[in-house]
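For reference, the structure discussed in these notes is given below.
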Amino acid sequence: MSGILLLLLSLSCLVATVPPPVPCRHCCDHLEPAEGSGAQPSSYAPEVRTYINMTILKGDKGDRGERGTPGKAGLEGPPGSIGPSGSKGSKGQAGLPGDPCKVQYSAFSVGRRKSLHSLDSYQALVFDTVFVNLDDHFNMFKGTFVCHIPGIYFFNVNIHTWNFKETYLHIMQNDTERAIVYAQPSDRSIMQSQSLMLELELNDEVWVRLYKRERENAIYSDDVDIYITFSGYLIKPSEEKE
């Protein structure tokens, strides 16, 4: 019995000497005030910062808004430097045929019903009858054809000689003799003709001139028949010679 008591007594002493369990702490936790110091234990709460991930809150793309009014134009800047020349482009297609109404014409044909004796050394042959005179290119008052369309022209003069009188005429281009019409005095009258082609520039004049020498110079015609004629027409304009 006494043995049992001794065993219980030793066990009670052993329990009394075992210290109470200490709670687990982190090294950064504040220490509790010492027991019996009278200080109140401080409660520690860690700072909590809210972080919102905006990527998960992004909504769907909205509709495009209306275009605003354009602003005022800014000041014009200085001109830039000239850029390099571009490469040559390919040849374009041929155009449509030109308008046939644009073909140019010039022609005249005139005559004289009266005979003429040359009184001066040089006298222009004037005509009184018109057969053709397109666009009035032939001046009836001066007896000259005025070139309005540069190019190559054909001209012809026909005259009737007078018995026992000399016939001497020149086809003139401006002030230059180009061709002659000549017949010696004879006891019978004959028809004489001269033709040529001339290349004319704008405003060139072509006319017929009588040339009087020592003998009397004359050409014949009458009111019934026309013996004297002067004609000309455009063969090819200069712009078509390429």
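The values are calculated or read from the model by the stated rules, or taken from the named source; none is laboratory data. Keep in mind that this is a model prediction, so the values were computed, not measured. A quick note on method: Cβ atoms are made from the backbone with ideal geometry, for glycine too, and the neighbour counts reach across all protein chains shown. The area values use the complete protein model at the heavy-atom level, side chains included, leaving out ligands, DNA and RNA. Shrake-Rupley method; radii C 1.70, N 1.55, O 1.52, S 1.80 Å.
Considering only the stretch 96-103, I want to know if a residue exists there that is open to solvent by less than 100 Å² (accessible area, probe 1.4 Å), over 30 Å from Arg215 (Cβ atoms), without any contact (Cβ under 8 Å) to a residue 40 or more places away in the chain and of a type in the set (A, V, I, L, M). Scanning the stretch 96-103, I find at least one residue that is open to solvent by less than 100 Å² (accessible area, probe 1.4 Å), over 30 Å from Arg215 (Cβ atoms), without any contact (Cβ under 8 Å) to a residue 40 or more places away in the chain and of a type in the set (A, V, I, L, M), so the answer is yes.
Being under 46 Å from the mean Cα position of the chain (by Cα) and closer than 17 Å to Gly143 by Cβ is the filter; apply it to the stretch 178-199 and report the residue that is surrounded by the most Cβ atoms within 10 Å (Cβ to Cβ). Reasoning before the result, please.
Applying the first criterion (under 46 Å from the mean Cα position of the chain (by Cα)) to the stretch 178-199 yields 178, 195-199.
Checking the rest, the ones that are also closer than 17 Å to Gly143 by Cβ come to 178, 198.
Details: Arg178: 15, Leu198: 18.
Filtering the stretch 178-199 for residues that are under 46 Å from the mean Cα position of the chain (by Cα) and closer than 17 Å to Gly143 by Cβ, the one surrounded by the most Cβ atoms within 10 Å (Cβ to Cβ) comes out as Leu198.
Set side by side, the residues Phe131, Phe141 differ, and just one is in a loop (DSSP other than H, G, I, E, B), of a type outside the set (A, V, I, L, M), modelled with pLDDT of 90 or more and open to solvent by 100 Å² or more (accessible area, probe 1.4 Å), which is Phe141.
One residue alone among Tyr153, Tyr105 is within 39 Å of the chain's Cα centre (by Cα) and not in a strand (DSSP E or B), and that residue is Tyr105.
Pick from the stretch 206-240 the residues that are part of a strand (DSSP E or B) and open to solvent by 50 Å² or more (accessible area, probe 1.4 Å): which of them is farthest from Phe155 (Cα to Cα)? Among those that are part of a strand (DSSP E or B) and open to solvent by 50 Å² or more (accessible area, probe 1.4 Å), it is Tyr211. Residue under question is Val110, and the condition is that it be part of a loop (DSSP other than H, G, I, E, B), at pLDDT 85 or above and over 19 Å from Glu239 (Cα atoms); does it hold? Judged against the criteria, Val110 is not a match.
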